[in-house]
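The values are calculated or read from the model by the stated rules, or taken from the named source; none is laboratory data. The shown structure was predicted, so the numbers you read here are calculated from the model rather than taken from an experiment. Positions of Cβ are generated from backbone atoms using ideal geometry, with glycine treated the same way; all protein chains shown enter the neighbour counts.
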Amino acid sequence: MSLEEDLKARTLALISQQMAEWVVEIQRSIGQHQEALVRSLDELSEAVARYDEKIDESAIARAMEEVVESQPPPAPVVAEGPGVDRLKASVEAIEKGTSLSEVLTYLVNEVAGYVDRAVMFIVKGPSAIGWYARGLEPADGVKQINIPIASDSVFRAVQNARKSLRTSFIPLRRPARPWPASAARRRACSPCRSCCARSWPRSSTATRRRRKCRKAWAA
């Protein structure tokens, strides 16, 4: 073995030996740090547990009570709409009627104090006829209303149920009128009309197409 090969072999052996020693030292240091970290975590857990035991729940409850007591009292609740006194007065006014006509008149008048419009209908034969109203102009116009009980309306529901009914009315939209056949053809042919006037060339084919378009418009 030459001198150069001997030096190279010895150098590699020394380097390998030193690296092995370094790996052992590094592993030993990592293990020591892991053990120290575990001990620190255990100490922190025990400290947290001691802090939980030191919490004074009674002091927290007293503090919450003080905060609640320091708050201003809530504003009094104001009742919306008429009170009971006004309702009693309305009942007394209705009781003043000495006949059915007077009782119904008082009833509509008193109800008009609670709502914008009030109408009294009387069932006469197969129809519900307008009798008296408040909040409508003209007031006598209600007497022209005559609704058949058999029709699909709220009057039929009340007549059949024989009890009060609370509901809301949604105005019905008038259905759109269908286009007449001639108007539909003219509507569909409106693009052709502009083509006839602007872009069709002057040829025999274009002339026939223009005549066909004019016939559709004339129909």
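Structure values in brief
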{"read-out": "Residue selected from region 82-113 under the condition hydroxyl-bearing (S, T, Y) and in contact with a helix residue (DSSP H, G or I) (Cβ under 8 Å, 6 or more places away or on another chain), by the criterion nearest to A157 (Cα to Cα)", "value": "Y106"}
{"read-out": "Residue within region 145-153 that is among the acidic types (D, E) and under 20 Å from S164 (Cβ atoms) present", "value": "yes"}
{"read-out": "Within region 116-151, considering residues that are at pLDDT below 85 and under 38 Å from the mean Cα position of the chain (by Cα), the one nearest to L87 (Cα to Cα)", "value": "L136"}
{"read-out": "E110 outside the structural domain of A157 (by TED's automatic domain parsing) and part of a helix (DSSP H, G or I)", "value": "no"}
{"read-out": "Answer from A61, A36, A49 - the residue that is modelled with pLDDT under 85 and either of a type in the set (A, V, I, L, M, F, W, C) or part of a loop (DSSP other than H, G, I, E, B) (or both)", "value": "A49"}
{"read-out": "The lone exception for A150 - which of (1) in a helix (DSSP H, G or I); (2) loosely packed, with under 12 Cβ neighbours inside 10 Å; (3) touching a residue at least 24 places away in the same chain (Cβ under 8 Å) it fails", "value": "(1)"}
{"read-out": "Residue that is loosely packed, with under 10 Cβ neighbours inside 10 Å, under 30 Å from V115 (Cβ atoms) and among the small types (G, A, S), where the choices are A93, A75", "value": "A75"}
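For (1) more than 60 Å from the chain's Cα centre (by Cα); (2) assigned to a helix (DSSP H, G or I); (3) under 30 Å from V111 (Cβ atoms), each residue gets a yes or a no:
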{"site": "L12", "(1), (2), (3)": "yes, yes, no"}
{"site": "S16", "(1), (2), (3)": "yes, yes, no"}
{"site": "L41", "(1), (2), (3)": "no, yes, no"}
{"site": "D85", "(1), (2), (3)": "no, yes, yes"}
{"site": "K88", "(1), (2), (3)": "no, yes, yes"}
